[in-house]
Each structure stands twice: as C-alpha cells, then as structure tokens.
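Asker: Take a look at the following structure, please.
Here, each number is a calculation from the coordinates, and none is a lab measurement. These figures come from a predicted structure and were not determined experimentally.
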C-alpha cells in the first residue's frame, strides 16, 4: 500500500540516478525494513530526510472534525479534494521496493516488491511540516496510493503511485492537471514480487 519500504542501494547510487548531490543526507547502511514513524530519504528537488507519517495536528475533515490518525498513505482519488490535505507539498520517496502481506493474522506471508532488474522506485508523495511541542518543526511525508495493477492486485487492493524518473519534476511542479495524470497504476510486468525471507521486522 505500502506499509514498509526498503532502501538497500548506497546513497551514492541514488545521487547518481537523480543527478543531484547528497547534500546533508550523507550515507547510511542498507535498510531492509523502514517503518512508519521513522526518518526516510525524500527527494523534493534535493535529497533530504523526513519523518514517514503526517501527524495531522490542526487538520480537519470535510465536517470540520479533527483528523486524528497518523497519515502514512493518501488516496490519489481524494488527495487534492479533502480539506485534511490543504496546503501540503509534493515530493518523491525513492526506495528499492516495498512489502505487502497476505493471509490470516499470525499466519501472514510477507511479499517483497522491487523493480525487475533492480534500481529504484519513485513513490509520489505529499509533505507537511508539524510544529511539535516546544516549537520543533518536523518535516513529514506520506505516500500517495492508487488502484493496484495486475501484478499487485493478488496481494493488495492498493499500491503506491510510482513515477518515471522523467516525471519527477512534473509531479513536484505547478501544473495540477499534469500532476493528476500521473496518478495511475504502474505498467504491468515491471515489478518482481517474491516472498520476503530473512527480514527482521523488529529492526532496520
């Protein structure tokens, strides 16, 4: 949908793929299990770090009621219509892939989803800044989701909106019609899906 990411290629590979410097991001060890609430590398024209999950303090729904739950994924069908998303920015979450689960509780199977041939996937995302108690400002990000393609549909009813490298600037640009045109399922046949084994779900 996604519920967990992984980023295992070196940051230097990412900077080369995007043609940008690492800036303040620096390097980091391979991360097999990135969970909501953790910091993640984000591209918003430059590489930076943001907290995965938008704490919707001060945001209200269409009825004027406070939004209470943390937002880690936002539906593409409503992300530009809901009052809860007023004023958000747009960025990209670059990762090597993500995980989904199938099966009953305590008998779930984890699936690892990555691009065929390796490399990066670029998830469309929205951003926000939360002013925490004491005045600390926390940059936050949430992935945008859409209907699944035929590859992902057997294991989940949603998938992240994935972007071609050539479309990253369009996603972060001012042409809203062009942005909306990108929020479609990824072409079939370009993902490798296999059972995830050997992942420590309690650690990085």
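Asker: Have a look at 35, 124, 110 and tell me which one the Gaussian network model of the chain (Cα, springs below 10 Å) gives the largest fluctuation.
Answerer: Highest fluctuation among the options: 110.
Asker: Could you please state, rounded to a whole Å, how far the C-alpha centre of segment 12-30 is from the C-alpha centre of segment 100-146?
Answerer: Going from one Cα centre to the other spans 19 Å.
Asker: Just one of (1) 0.98; (2) 0.95; (3) 1.02 is Rg/Rh (Cα atoms, Kirkwood Rh) calculated from these coordinates, so which is it?
Answerer: So the calculated entry is the one marked (2).
Asker: Follow-up. Using a Gaussian network model on the chain with a 10 Å cutoff between Cα atoms, which of 36, 187, 133 fluctuates the most?
Answerer: Result for the chain, Cα springs under 10 Å: 133 fluctuates most.
Asker: Please build a GNM for the chain, connecting alpha carbons under 10 Å apart, and tell me which residue among 190, 112, 31 fluctuates the most.
Answerer: Largest GNM mean-square fluctuation: 190.
Asker: How high is the relative contact order of the chain, in percent, with contacts defined as C-alpha pairs under 8 Å that are six or more residues apart? Let's see the in-between values first.
Answerer: On the way: 436 pairs, mean separation 44.6, N = 204.
Contact order relative to length: 22 percent.
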